[in-house]
Amino acid sequence: MAKIIPVIMCGGAGTRVWPESRESLPKQFIPLIGETSTFQSIVKILDDRTIFEEPIAIANIDYRFHVAEQLEEIGAKATIVLEPTRRDSGPAVATAAILAARATPDAVVAVLAADHVFSDGKRFAELCREAGEAAARGLIVTFGVKPDHPATSYGYIRPGEPLGGKLRRVAAFVEKPEAAEAERFVAEGYLWNSGNFIFRADTMLQEIERFEPEMARAAKEAVAGARKDLDFLLLDGVAFARAPKKSIDYAVMERTDKAAVIAADVGWSDVGLWSTVWRLSERDSDGNSLRGSAVALDSRNVLVRSSEQLTAVVGLENVVVVATPDAVLVADLKRTEMVKPLVDKLKADKRREAAEHKRAYRPWGYYQTVDEGARYQVKRIVVKPGGRLSLQKHFHRAEHWVVVRGTAEVTRNGEILHVHENESVYLPIGCEHRLANPGKINLELIEVQTGSYLGEDDIIRIEDVYNRV
């Protein structure tokens with residue numbers, strides 16, 4: 001069998017593990033378990049070139065630089081395909097099948113979620129090879145996981161007739177159940193639906209055309225009209241927006257007669273809830289998982305994570321405490337599924353914290369607001385070596401930059417200045433300016449903004465190396 005083309009789906013917003021995961025930096029790019037992100041962990045599993053081709057990563061356009069940077073951090077490569085708008089997993093899978101079929105129509109494709117964990121990655125890679133052999137015969141093979149508890153946060157699969165080896169036909173896909181029903185599913189041998197699957201490109205395309213012809217047509221047009229954008233492949237926005245917003249489960253998997261399931265005993269988890277993060281994390285003898293600046297006293301089975309300020313808990317049991325610079329979550333460990341409705345409420349209340357971090361990441365680095373008032377704002381700005389902000393101007397604010405680490409290359413109305421540590425530069429309202437880091441270490445500076453309006457939309461980009469003009 002030819003090597004499998006792996007496709008990693010990176011577009012989710014990950015609101016169920018708020019406040020660490022938000023739309024501006026979702027959970028697949030955060031080290032929730034261990035020292036690397038789940039996206040990076042999946043990429044590492046796929047580095048066996050005897051089984052897999054170089055992966056394709058399909059991401060929302062807003063996450064393009066996160067994907068590229070995380071690949072660079074682990075020395076990996078991938079084709080990065082950008083969705084101009086969110087259309088759920090159905091159109092993304094259709095796009096993956098079309099791209100894979102360019103090489104050969106019967107190419108075998110593995111579609112994997114970027115936010116899942118496999119404790120036995122080597123075994124999972126081998127299982128992909130087994131599933132790929134079945135997919136090459138025209139089956140759409142999904143990975144089913146034997147439950148170790150009656151979870152209500154996962155969908156289930158009822159296995160059907162044997163198809164040889166570990167392969168069974170899918171008798172039914174079942175939605176997330178209530179507790180009593182979940183216990184019955186476990187007793188009757190149902191499997192968790194992992195949401196990862198393998199298929200032949202032409203098989204999947206035929207099924208999408210059969211059940212969702214509008215989706216298939218939109219995906220084909222989006223790929224045909226795709227263009228290079230720096231190192232990314234950007235799908236045609238008008239065509240892709242015409243695709244129905246539907247998951248691949250509803251579009252195909254629950255309707256096709258080609259679905260098969262293979263049992264995957266590989267330590268799989270969907271890192272979708274804080275309770276799951278607690279379960280997968282290292283814990284002390286009292287069952288406590290502490291990360292960052294966190295302390296627990298006379299407490300059991302608590303998860304405490306704090307990115308900056310000291311967070312201490314005393315006398316608590318079965319509690320999650322997650323502290324970020326601008327939001328704190330305290331939740332019952334057994335009710336962490338309520339975080340998503342909480343985020344929905346925050347969005348309805350138009351709370352910025354629902355979707356945006358206090359630290360705003362950009363392709364050149366990041367900035368973070370330190371203080372703000374009626375006519376001023378103070379930010380900390382960090383620019384990576386080689387990073388360059390856009391050439392820009394503002395109509396309502398002046399800026400004062402004070403360098404605290406590294407050397408800044410500042411363009412001001414055509415003049416180039418080099419500003420060193422403990423030096424500053426003033427940028428009056430309306431001047432054209434740019435900041436760059438020509439050095440080998442991070443450039444750090446404090447920016448003081450003053451003016452009648454300090455919103456981020458008061459930026460007129462004139463030129464930008466990241467194609468954001």
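The values are calculated or read from the model by the stated rules, or taken from the named source; none is laboratory data. Model, not experiment: these values are computed from the prediction. Every residue, glycine as well, gets a Cβ built from its backbone with ideal geometry; the counts of neighbours run over all protein chains shown. Calculation scope for accessible area: heavy atoms of the full protein, side chains included, ligands and nucleic acids excluded. Shrake-Rupley method; radii C 1.70, N 1.55, O 1.52, S 1.80 Å.
Computed values, structure above
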{"read-out": "From Val174, Val141, residue being open to solvent by less than 10 Å² (accessible area, probe 1.4 Å) and either within 26 Å of the chain's Cα centre (by Cα) or of a type in the set (Phe, Trp, Tyr) (or both)", "value": "Val141"}
{"read-out": "Whichever residue in the range 308-326 is surrounded by 18 or more Cβ atoms within 10 Å (Cβ to Cβ) and under 25 Å from the mean Cα position of the chain (by Cα) and, among such residues, is farthest from Arg352 (Cα to Cα)", "value": "Val320"}
{"read-out": "Residues (polar (S, T, N, Q) and closer than 25 Å to Arg210 by Cα) located in the range 247-285", "value": "Ser247, Thr256"}
{"read-out": "Within the range 280-307, considering residues that are charged (D, E, K, R) and over 30 Å from the mean Cα position of the chain (by Cα), the one least open to solvent (accessible area, probe 1.4 Å)", "value": "Asp286"}
{"read-out": "Tally of residues being open to solvent by less than 60 Å² (accessible area, probe 1.4 Å), of a type outside the set (Asp, Glu) and assigned to a strand (DSSP E or B) across the range 392-430", "value": "14"}
{"read-out": "Verdict on Lys166 being at pLDDT 90 or above and either crowded, with 21+ Cβ neighbours inside 10 Å or out of contact with any Lys or Arg (no Cβ under 6 Å at 6 or more places or on another chain) (or both)", "value": "no"}
{"read-out": "Contacts under 8 angstrom Cβ, first residue in the range 413-432 being over 19 Å from Arg461 (Cβ atoms), partner open to solvent by 90 Å² or more (accessible area, probe 1.4 Å), 6 or more apart", "value": "Glu421/Arg405"}
{"read-out": "Test: residue in the range 176-198 that is under 18 Å from Val141 (Cα atoms), in a helix (DSSP H, G or I) and at pLDDT 95 or above", "value": "no"}
{"read-out": "Of residues in the range 431-445 being assigned to a loop (DSSP other than H, G, I, E, B) and open to solvent by less than 40 Å² (accessible area, probe 1.4 Å), the one farthest from Thr369 (Cα to Cα)", "value": "Gly439"}
{"read-out": "Listing of strands (runs of 3 or more DSSP E) fully contained in the range 291-373 that carry 3 or more residues being in contact with a Gly (Cβ under 8 Å, 6 or more places away or on another chain)", "value": "300-314"}
{"read-out": "Count of the range 69-127 residues which are part of a helix (DSSP H, G or I) and open to solvent by less than 50 Å² (accessible area, probe 1.4 Å)", "value": "19"}
{"read-out": "Residue match in the range 22-34 (condition: free of Cβ contacts under 8 Å to residues at least 24 places away in the same chain and open to solvent by 20 Å² or more (accessible area, probe 1.4 Å))", "value": "yes"}
{"read-out": "Pairs with Cβ under 7 Å, 6+ apart, first in the range 323-340 and within 12 Å of Leu303 (Cα to Cα), second assigned to a loop (DSSP other than H, G, I, E, B) and at pLDDT 95 or above", "value": "Leu329/Trp18; Leu329/Pro19"}
{"read-out": "Whichever residue in the range 364-379 is under 30 Å from Ala68 (Cα atoms), open to solvent by 20 Å² or more (accessible area, probe 1.4 Å) and more than 25 Å from the chain's Cα centre (by Cα) and, among such residues, is modelled with the highest pLDDT", "value": "Val378"}
{"read-out": "Selection count where residues are open to solvent by 30 Å² or more (accessible area, probe 1.4 Å) and either in contact with a helix residue (DSSP H, G or I) (Cβ under 9 Å, 6 or more places away or on another chain) or without any contact (Cβ under 8 Å) to a residue 12 or more places away in the chain (or both), scope the range 245-262", "value": "7"}
